[in-house]
Amino acid sequence: MSQQGKHRILMVSDFFYPNFGGVENHIYYLSQCLIKLGHKVVVMTHAYKNRSGVRYMTGGLKVYYVPWKPFLMQNTLPTFYATLPIIRTILIRERISIVHGHQAFSTLCHEALMHARTMGYKVVFTDHSLYGFADIGSIHMNKVLQFTLADVSQAICVSHTSKENTVLRSGLPPERVFVIPNAVDTAMFKPAPKRLSSDEIVIVVISRLVYRKGADLLVEVIPEVCSLHPNVRFIIGGDGPKRVRLEEMREKHSLQDRVDMLGAVPHAKVQSVLVTGHIFLNSSLTEAFCIAILEAASCGLLTVSTRVGGVPEVLPDDMIVLAEPDPTDMVMAITKAIELLPQIDPQDMHNRMKKLYSWHDVAKRTEIVYDRAFKCSNQNLLERLPRYLSCGAWAGKLFCIVMIIDFLFWSFLQLWQPDQDIEVVPDIDLTSSQTGEEM
């Protein structure tokens, strides 16, 4: 920890700008607010096409795009030990005190947390998703999560449902898991200056068109809603493998004039799409916390969503209509939302969102977690191995071998290139000049 109790944080995830999504937004906004609180924040992610090396973003946020290309679904290929030299160099160069990993299926996150614990750093993990327990993929991911969280200092989940899920999957003590929800930039997501006419009801969908996001539900719901309500029109923003099914549905039911397919919508243009609608429709089949719902509510849209995961925790009852992930129930929920529209005041909804969700509040609560993590006692390898051994009869022994090899590799790097031979990066304060310009 640096002077005056401020931390030096390394955010690590495979998911970051220029890619857009809930995790990417969370890391970006949280980092910006932590910088404003006086902390040093550095982000580490993999290279995106020709974006490699060190880049600077708004507020002096430094990003290391390490030269690893994505292997599958924006994840890097698991290497276990190949990332240790570069992670060690970044940690020493930036004088990092806490490593904060994001997202359970980020390979880079898991490897960074493993190496950081080997080197004696305090680590914090944030889980942004929900997982099952029965299928092969979930069983594998849960075992990896159990390995990573066996020696984590503190963990954060974005909803109470997500916390229960993470505790069950990882075996982490509940007292070491904090619930800190996502937030929304209300300055960016504002309602339209003029209230929209109710002659035509516009329902907006902005989502990745994949199975997990309920794209198959939309295929059944949209024709039924259009049949029941002649004055309803849909705007669908997003891309994915299920887009073909939606286009086939539009052709089959001759809804070309009532269903607009926008394709992928850049995050900077999401607000301009949202303000053209009255209702926001979320059809996710699983969701730890849906930032898209916050963005829609901040723009003054009434939300209709499936009752899954942490979604019921996101908004007050008078700002959202919940439905089971069933076509019939969703159609009924949309009908109810249409009836409620005259009672909705977009500007009032926006003002309420300002009070409910703030990234500055998220940053302050995360700061408390960092303080608690920093107070955790330092333990050597022999004291830490029993935690891995408790992960299973065979898995526990395998995890111990992985950590012992990691420790030996780190010890070799210490001899080959001692810490004092790695140049420390000087701190450059870019926030003071920007504050002066704003004033």
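Here are the numbers for this structure:
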{"read-out": "Residue that is farthest from Ser31 (Cα to Cα) [pool: residues in region 366-385 that are among the polar types (S, T, N, Q) and more than 22 Å from the chain's Cα centre (by Cα)]", "value": "Asn380"}
{"read-out": "Only listed residue being within 19 Å of Ile9 (Cα to Cα) and modelled with pLDDT under 95, chosen from Ser106, Ser138", "value": "Ser106"}
{"read-out": "Only one of Ile344, Ile405 that is among the β-branched types (Val, Ile, Thr) and farther than 23 Å from Cys290 by Cβ", "value": "Ile405"}
{"read-out": "Flag if His100 is in a strand (DSSP E or B) and either under 15 Å from the mean Cα position of the chain (by Cα) or in the same structural domain as Ile27 (by TED's automatic domain parsing) (or both)", "value": "yes"}
{"read-out": "Breaking point among (1) without any contact (Cβ under 8 Å) to a residue 40 or more places away in the chain; (2) within 19 Å of Ser284 (Cβ to Cβ), for Val314", "value": "(1)"}
{"read-out": "Residue match in region 360-383 (condition: β-branched (Val, Ile, Thr), at pLDDT below 95 and closer than 21 Å to Ile291 by Cα)", "value": "no"}
{"read-out": "Cross-chain or 6+ apart pairs with Cβ under 7 Å, region 48-72 first and closer than 16 Å to Glu24 by Cβ, then open to solvent by 80 Å² or more (accessible area, probe 1.4 Å) and assigned to a strand (DSSP E or B)", "value": "Val63/Arg55; Tyr65/Arg55"}
{"read-out": "Helices (runs of 4 or more DSSP H) contained entirely in region 277-365, each with at least 2 residues that are buried (at least 17 other Cβ atoms within 10 Å of the Cβ) and within 20 Å of the chain's Cα centre (by Cα)", "value": "291-298, 346-356"}
{"read-out": "Output for region 76-88, where each listed residue is crowded, with 20+ Cβ neighbours inside 10 Å and within 14 Å of Phe147 (Cα to Cα)", "value": "none"}
{"read-out": "Breaking point among (1) closer than 24 Å to Ala296 by Cα; (2) more than 24 Å from the chain's Cα centre (by Cα); (3) not hydrophobic (A, V, I, L, M, F, W, C), for Lys242", "value": "(2)"}
{"read-out": "Residue in region 267-274 that is closer than 17 Å to Tyr29 by Cα, open to solvent by 10 Å² or more (accessible area, probe 1.4 Å), in a helix (DSSP H, G or I) and free of Cβ contacts under 8 Å to residues at least 24 places away in the same chain present", "value": "yes"}
{"read-out": "Within region 418-439, considering residues that are closer than 19 Å to Ala112 by Cβ and in a loop (DSSP other than H, G, I, E, B), the one modelled with the highest pLDDT", "value": "Ile422"}
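Okay, residues lined up against (1) outside the structural domain of Phe409 (by TED's automatic domain parsing); (2) over 23 Å from Leu408 (Cβ atoms); (3) open to solvent by less than 50 Å² (accessible area, probe 1.4 Å):
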position	(1), (2), (3)
Phe15	no, yes, yes
Tyr28	no, yes, no
Met44	no, yes, yes
Arg55	no, yes, no
Val63	no, yes, yes
Leu72	no, yes, no
Ile90	no, no, yes
Ala112	no, no, yes
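The values are calculated or read from the model by the stated rules, or taken from the named source; none is laboratory data. None of the values given here were measured: they were computed from a predicted structure. Because the Cβ atoms are built from the backbone with ideal geometry, glycine has one as well, and the counts that use them run over all protein chains shown. Protein only, heavy atoms only, side chains kept; ligands, DNA and RNA dropped before computing areas. Shrake-Rupley method; radii C 1.70, N 1.55, O 1.52, S 1.80 Å.
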